[in-house]
Number of protein chains: 2
Amino acid sequence: MEMSSADLVKAALSGSVRAVARLISMAENGHADAEEVLAELFPRTGKAVIIGVSGPLGSGKSTLVDKLAMEYSQKGKKVGVIAVDPSSPFTGGAFLGDRFRMSKAAADSQIFIRSLGARGQVGGLSRAVRDVIRILDAVGNDVVIVETLGTGQDEVDIRTVADTTIIVQAPGLGDYIQTLKAGMMEIGDVYVVNKAESAEADNLFANILTAIEMSNHPEGWIPPVVKTVANRGDGVNDCLEAIEKHLEFLGSGNRHEERRKERVRTELLEMIKEKLMRRANESVLMNGRFDDVVRRIAKREVEPYTYVNEVVALITGSGATKKD
Amino acid sequence: MEMSSADLVKAALSGSVRAVARLISMAENGHADAEEVLAELFPRTGKAVIIGVSGPLGSGKSTLVDKLAMEYSQKGKKVGVIAVDPSSPFTGGAFLGDRFRMSKAAADSQIFIRSLGARGQVGGLSRAVRDVIRILDAVGNDVVIVETLGTGQDEVDIRTVADTTIIVQAPGLGDYIQTLKAGMMEIGDVYVVNKAESAEADNLFANILTAIEMSNHPEGWIPPVVKTVANRGDGVNDCLEAIEKHLEFLGSGNRHEERRKERVRTELLEMIKEKLMRRANESVLMNGRFDDVVRRIAKREVEPYTYVNEVVALITGSGATKKD
């Protein structure tokens, strides 16, 4: 029997994990009722702490997420985990699946885990992550952990969704410089050197400390660097403590409010852009001339700007001209 | 004395490197005349071969680009090079500059080199790359080489701009799996194992061959793998030969035409989206209510969907409703 959206919301708010999963699928797939559901849940959001965990493949960030989730759960917190897969533009999915991970947390029924895969649309994955965070927040999770690959060029900008962003590194990955270059040293609130039992860990630790010293900290927060051996559980409590300190820092003054306002600003713009892009795709697909125009432009018989301005004028209902 | 846009176009077409540089700056900065200039140049485009070179930092791809550019130049071809910097969302630029590179090609006055930095807007860098390719194509370059970081998550999707895409790898970078994961094994027309003098190069070579065997090749082109030691010039001619073979393959049947049509399709959609997004930003910025709405949403006094739909309706001139 199909439940109505309203019934699903009720069931989710009463603690049905299955209803939560259904609501998430609705949001992910752009179900017709998704927006109404999210609007209804919205006033209940804003209570969860959102923790972002980013780091390259091989850094052990999934193991760390697993341990953090369990620690929070053992402290009586309700925890949700969102794992974002890097996407291949061609297969539409991850090349190497590593969904086997986070087994211990998954086995703990108190922890809700959702993996979000690749999506075709620009901005699509980012929107899906925001929606899922909202749902998990609204249904009473105290902590939502979002795990991303964190190349600094992710489709999901972890800093715009998380209260506290953790950057996980490990020795021997060889992409330390790459990480620096991609701007990762500027987005972490907490840095973790995982696999700290390795001989080269001290070197990585020192390098990260130096990079932090060299960076600007406009908000006044100097990111701590924590050593962990996540698969043994070592250092996980230090990591939790660093998160707590950062959240306390955000709570002082009006920093948390400023961050949340900044996040709302970003979200509103993204939502508006996403809707406009959907309109653009629809307009072009509905426009019978598109294939003909493509053929003529490819042959250099016409230039593309006139057509572009015509379509934009059609969508915006304005008299856009060539020079507009 | 300021030259008019029409004069700049004339000067650029007559071979003035300075005029070309000025036109590129106009396109990059979104100058009011940029679109008219690009529309005027458009019929002259489509003659240059566009070669994309992607690979991680440390792979030596810049050295390879340098050697390829010089080889083409020595064969009497006019060559343009566009180097795309990875961007940090916070510094608005590359963390570690490596602009010192490509010194030999730059010293050769026949080769036009332009580095495109980070830009704030979504889609902005991608549009800038397309525009600069068009300008370099229109003013008579036979070959345009576009160098990107190639994480598979770049802002610039090299495959949608290049005729032939070269993926450069080197042993010891430790991110081979990462590369696989990001879908790089599916976008190369030619693979290069650079620093092939290193002991581990054979292993990397074998791994790439295996990955190619495991991949689908829907177009019927099996990407060759070339070994190079770019800083000594070794293998550069093998690389050129592989590029030639791929271009011949594209030339047979209607593959090249199909690729170009596909590219036009992508470009038109991007151009339409970019214009719409600019409208969205303007609308929101001009909308005096924005800051107030942000504050109220951050406080959970109102939900964001109603406002989003109002703005979209305003931009599109349509009667979008909450459920739209």
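The values are calculated or read from the model by the stated rules, or taken from the named source; none is laboratory data. Just so it is clear, the structure is predicted and the values come from calculations on it, not from any experiment. Neighbour counts run over all protein chains shown; Cβ positions are idealised from the backbone, glycine included.
Data table
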{"item": "Filter result (more than 11 Å from every other protein chain (Cβ to nearest Cβ), modelled with pLDDT of 90 or more and not in a loop (DSSP other than H, G, I, E, B)) within segment A:29-62", "result": "A:Val49, A:Ile50, A:Ile51, A:Gly52, A:Val53"}
{"item": "Condition met for A:Asn231 (surrounded by 14 or more Cβ atoms within 10 Å (Cβ to Cβ) and polar (S, T, N, Q))", "result": "yes"}
{"item": "Qualifying position, being within 14 Å of chain B (Cβ to nearest Cβ), more than 28 Å from A:Arg44 (Cβ to Cβ) and at pLDDT below 90, among A:Leu125, A:Leu149", "result": "A:Leu149"}
{"item": "Residue pairs meeting the criteria (Cβ under 9 Å; at least 6 apart or on separate chains; first over 15 Å from A:Ile222 (Cβ atoms), in segment A:236-247; second assigned to a helix (DSSP H, G or I) and charged (D, E, K, R))", "result": "A:Val236/A:Lys67; A:Val236/A:Glu71; A:Asn237/A:Glu71; A:Cys239/A:Lys67; A:Cys239/A:Glu71; A:Leu240/A:Glu71"}
{"item": "Evaluation of B:Glu248 against (1) farther than 30 Å from B:Arg159 by Cα; (2) modelled with pLDDT of 85 or more (one fails), failing number", "result": "(1)"}
{"item": "Candidate set: segment B:283-304, residues that are touching a Pro at 6+ places or on another chain (Cβ under 9 Å) and either in contact (Cβ under 8 Å) with a residue 40 or more places away in the chain or more than 7 Å from every other protein chain (Cβ to nearest Cβ) (or both); chosen: the one surrounded by the fewest Cβ atoms within 10 Å (Cβ to Cβ)", "result": "B:Glu301"}
{"item": "Matching residues, segment B:252-266, being within 19 Å of the chain's Cα centre (by Cα) and more than 7 Å from chain A (Cβ to nearest Cβ)", "result": "B:His256, B:Arg259, B:Glu262, B:Arg263, B:Thr266"}
{"item": "Qualifying residue in segment B:255-268 (condition: among the hydroxyl-bearing types (Ser, Thr, Tyr) and more than 17 Å from B:Val190 (Cβ to Cβ))", "result": "yes"}
{"item": "Residue in segment B:77-89 that is modelled with pLDDT of 85 or more, of a type in the set (D, E, K, R) and either more than 17 Å from the chain's Cα centre (by Cα) or in a loop (DSSP other than H, G, I, E, B) (or both) present", "result": "yes"}
{"item": "Evaluation of A:Thr228 against (1) among the hydroxyl-bearing types (Ser, Thr, Tyr); (2) closer than 23 Å to B:Ala313 by Cα; (3) more than 7 Å from chain B (Cβ to nearest Cβ) (one fails), failing number", "result": "(2)"}
{"item": "Residue check, B:Ala118 closer than 22 Å to B:Asp238 by Cβ and either more than 14 Å from every other protein chain (Cβ to nearest Cβ) or at pLDDT below 80 (or both)", "result": "no"}
{"item": "Of all residues making up segment B:267-282, the number that are more than 7 Å from chain A (Cβ to nearest Cβ) and surrounded by 17 or more Cβ atoms within 10 Å (Cβ to Cβ)", "result": "2"}
{"item": "Of all residues making up segment A:16-47, the number that are without any contact (Cβ under 8 Å) to a residue 60 or more places away in the chain and exposed (fewer than 15 other Cβ atoms within 10 Å of the Cβ)", "result": "5"}
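One line per residue, one yes/no per condition, for (1) of a type outside the set (Val, Ile, Thr); (2) at pLDDT below 85; (3) buried (at least 18 other Cβ atoms within 10 Å of the Cβ); (4) touching a strand residue (DSSP E or B) at 6+ places or on another chain (Cβ under 9 Å):
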position	(1), (2), (3), (4)
B:Gly172	yes, yes, no, no
B:Lys227	yes, no, yes, yes
B:Gly235	yes, no, yes, yes
B:Glu262	yes, no, no, no
